[in-house]
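Okay, so here's the structure we're looking at.
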Amino acid sequence: MATTKKIFSFMLVIMFLLSCTSAKLYTVGGDYGWTVKDDTWAEHRQFHVGDSLVFEYDQNVNDLAQVSNALEYDSCDASSPKVVYNTGYDVVTFKEPGHHYFITSNHIQCVNGLKLDVLVVHDTSSRPIPSSPPPPSKNHEPSRPVPPSPPPSKDHEPSRPVPPSPPPSKNHEPSRPVPPPPPSKIGRIYKVGDSKGWRVYNSYYYYKWSKNKQFRVGDTLYFEYNKDLSDVREISDDLEFRSCESNSTVAVYKTGHDLVKLTKPGVHYFVSLKTGLCQAGIKLRVTVQPSTEDVTLPDVPKKLSPINRCNRWRWWLCIIRPHH
């Protein structure tokens, strides 16, 4: 009889522990796995602290890199990741809320869309719900008297009642963070220098490359080069662009596979400041136009016929104009 009670108690403990476990395990991409075939997998899912993701892929082709911020995520920059996984079956458990960014170090695959941005929120089921209001302050100041209501007006109209504030929700849970909206449209990606990349010692070559292209806000420049021999530096001054100086540096890229997103209209300058390369001609100037979504056509007034023009502006002249 005692043994039966022990077994029954043990089963109750196991059932209690299982009921308290709310973490979920998700296989990224579903049946496709960690590939570019399904880039909408995470859109309608909500992830909490304690949940885990399983990344399945061919380790001979891809890997998994967790990067630190949205800039590295957008530019597919895996040069300084937080963590790199390469087993082909990686399990990542979320330990803190916020955005978690995952890309592949295979740059071409990443540019084609093999990346994942996951918003993780607190597990609200494990948070204690406050049951009593906060204690009064330590200085015990008396509450201020409520001023009397103003006297009624002379015409004895009753004052309008003030609508009561909405009652707090029953569970007192804080509102969950809203993820930022996705970009409205993905621009084009231009490989600088085409097949020759960012390694031609001739500035006129890059001038001709960009001359007949129309760059817009939202487009991306892809610089490919040997990172041990060159780099990419964006500067903001035309004089420094001509003299190959770097006092107005905006950003520096040095991975050898750099994606630079054009975020504002105007003239953008790019040079390589490794010894002598800018003077040798590795420099690029591009003019960026506003995105097509920002361009609005002016309202052009319609051309009015003589009768409509007469009726609209000078109708009185039409009445008194003599007929021949």
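Simple spin-label estimate for residue 188 and residue 248 gives 2.7 nm between the two label positions (7 Å along the Cα-to-Cβ direction from each Cα). State whether the range 222-290 is rounded, prolate or oblate according to the following rule on the C-alpha gyration tensor (a ≥ b ≥ c being the square roots of its eigenvalues): a/c under 1.5 gives rounded; otherwise a/b larger than b/c gives prolate, and the remaining case gives oblate. Because a/c hits 1.5 or more and a/b fails to exceed b/c, the range 222-290 counts as oblate. Remark: accessible surface ordering of 58, 237 (largest first) is 58, 237, probe radius 1.4 Å. Around the amide H of residue 250, modelled in the peptide plane, lie the amide H atoms of 234, 235, 236, all under 5 Å away and 5 or more residues distant in sequence or on another chain. The heavy atoms of residue 43 offer some 120 square angstrom of accessible surface to a 1.4 angstrom probe. With 29 Å as the limit, the listed pairs 82/254; 115/274; 24/82; 95/264; 115/211 have 115/274; 95/264; 115/211 beyond it between alpha carbons. Taken along the Cα-to-beta-carbon direction at a fixed 7 Å, the label points for residue 289 and residue 264 span 2.1 nm.
Could you give log10 I(q)/I(0) at q = 0.20, 0.21 Å⁻¹ for the range 21-74, computed by the Debye formula over C-alpha point scatterers of equal weight, without solvent? Here log10 of I(q) over I(0) equals -0.92, -0.99. The slack between residue 280 and residue 237, meaning 0.36 nm per residue of separation minus the straight C-alpha distance, is 13.6 nm. With label points built 7 Å along Cα→Cβ from the Cα atoms of residue 202 and residue 224, find their separation and express it in nm. It works out to 1.9 nm between the two label points. The stretch between residue 24 and residue 211, if pulled fully straight at 0.36 nm per residue, gains 62.0 nm over its current Cα-Cα span.
Less than 5 angstrom separates the built amide H of residue 85 from those of 64, 65, 66, all sequence-distant by 5 or more or on a different chain.
The values are calculated or read from the model by the stated rules, or taken from the named source; none is laboratory data. Here the structure is a predicted model, which means the values were calculated and not measured. Cβ: placed from backbone, ideal geometry, glycine included. Neighbour counts: every protein chain shown. Each accessible area value is taken on the protein alone, full model and side chains, heavy atoms only, with ligands, DNA and RNA left out. Shrake-Rupley method; radii C 1.70, N 1.55, O 1.52, S 1.80 Å.
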